[in-house]
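Colleague: The following block contains the structure, expressed as structure tokens.
The values are calculated or read from the model by the stated rules, or taken from the named source; none is laboratory data. Quick caveat, the model's predicted, so the values are computed rather than measured. Note that we place each Cβ from the backbone using ideal geometry, even for glycine, and neighbour counts take in every protein chain shown. These accessible areas exclude ligands, DNA and RNA; they are computed on the full protein's heavy atoms, side chains included. Shrake-Rupley method; radii C 1.70, N 1.55, O 1.52, S 1.80 Å.
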Amino acid sequence: MARSHARLLFTVWQGLSDVDGDAAKLAYFAVMTEPHTTQCGSGPVRLGRWMKSLGWSEEETLRDALDELEKKRKVLIDWDTDEFLLRSFIRSDEVWRQPQVLRGGLKSARQIESPRLRHELAIELRRVRDEFVGEVDGLTWEVLANEVPRAADLLDGGSTEVALDEEIAGRAAVSAPRAVEGRPPERCPKHMAKPAARACRACGAARDKAREWSRAKDDENAAEARARAEVRRVAIDACARCDSEGYAGKALCDHAPRPVLIRRSS
């Protein structure tokens, strides 16, 4: 569902303080205000729309600006799947404070095709959980403590068909991270049920091993993601109803041919 507004905090300029180019800053706001951005910060790359919004005529100018944002890790883009991710969106937009909105973001995350963006979002979700779970209670605590780490595990290689909001009501303690099939745990056996209060070398080694597994999984899935993107591109090129980005007007085109009506002579 398209958004009707974007939430911009005064601190947005602090977040862009390390971005040098004025064009990159303008491009950030074009992406930030993209109506099809989901509650997890993902969305479709729509170069034509952004160029029109910015009043730019050269696509190269926009691509250079997006490259700078990518290098600064403000906006991550997978050109194979034509998807972007506003990396810190859940934190900067304070989605984590709103449990039902956050749940919507977790469900939207399952629709991301790019293995790289799924992995980056998984890292961000774990950071959100670790930074803010101690500041909240009630339903917000339950979502951050239980659903967020489970969603991160799913993004890093688990099935996307598992419901994210099952069996969370009434949890009395932070559950141990669920093991994704084949993926090593991110904690040592001693701290499996609860994170260590201080740095643990064994947990660090476990995290390194889990991330190595995730990178290998990303490589394994990348070919499939590129194949899906190519199928989508072929469908767009062959469709007479939608634009070059796959939209018919403001709606995502299904590329279904319209029936041809033949007038019969009387």
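Colleague: Quick test for you: out of 164, 144, pick the one residue that is at pLDDT 55 or above and not charged (D, E, K, R). Lay out the reasoning, then the answer.
Modeller: Numbers: 164 fails: at pLDDT 55 or above.
144 is the lone residue from the list that is at pLDDT 55 or above and not charged (D, E, K, R).
Colleague: Would you pick out the residues in region 117-139 that are over 22 Å from residue 221 (Cα atoms), in a helix (DSSP H, G or I) and either of a type in the set (Phe, Trp, Tyr) or open to solvent by 50 Å² or more (accessible area, probe 1.4 Å) (or both)?
Modeller: 127, 130, 131, 132, 134, 135, 139
Colleague: Filtering region 209-266 down to residues that are over 23 Å from residue 49 (Cα atoms) and of a type in the set (Val, Ile, Thr), which residue is modelled with the highest pLDDT?
Modeller: In this case the residue turns out to be 262.
Colleague: Sticking with this one: With a cut-off of at least 1 residues that are closer than 26 Å to residue 232 by Cα and over 14 Å from the mean Cα position of the chain (by Cα), name the helices (runs of 4 or more DSSP H) lying wholly within region 46-107. Spell out the reasoning first.
Modeller: Working: elements: 47-54, 59-71, 89-92.
Of the helices (runs of 4 or more DSSP H) lying wholly inside region 46-107, those with at least 1 residues that are closer than 26 Å to residue 232 by Cα and over 14 Å from the mean Cα position of the chain (by Cα) span 47-54, 59-71.
Colleague: Scan region 87-106 and give yes if some residue there is closer than 23 Å to residue 219 by Cα and out of contact with any Leu (no Cβ under 6 Å at 6 or more places or on another chain), otherwise no.
Modeller: Taking every residue of region 87-106 in turn, none turns out to be closer than 23 Å to residue 219 by Cα and out of contact with any Leu (no Cβ under 6 Å at 6 or more places or on another chain).
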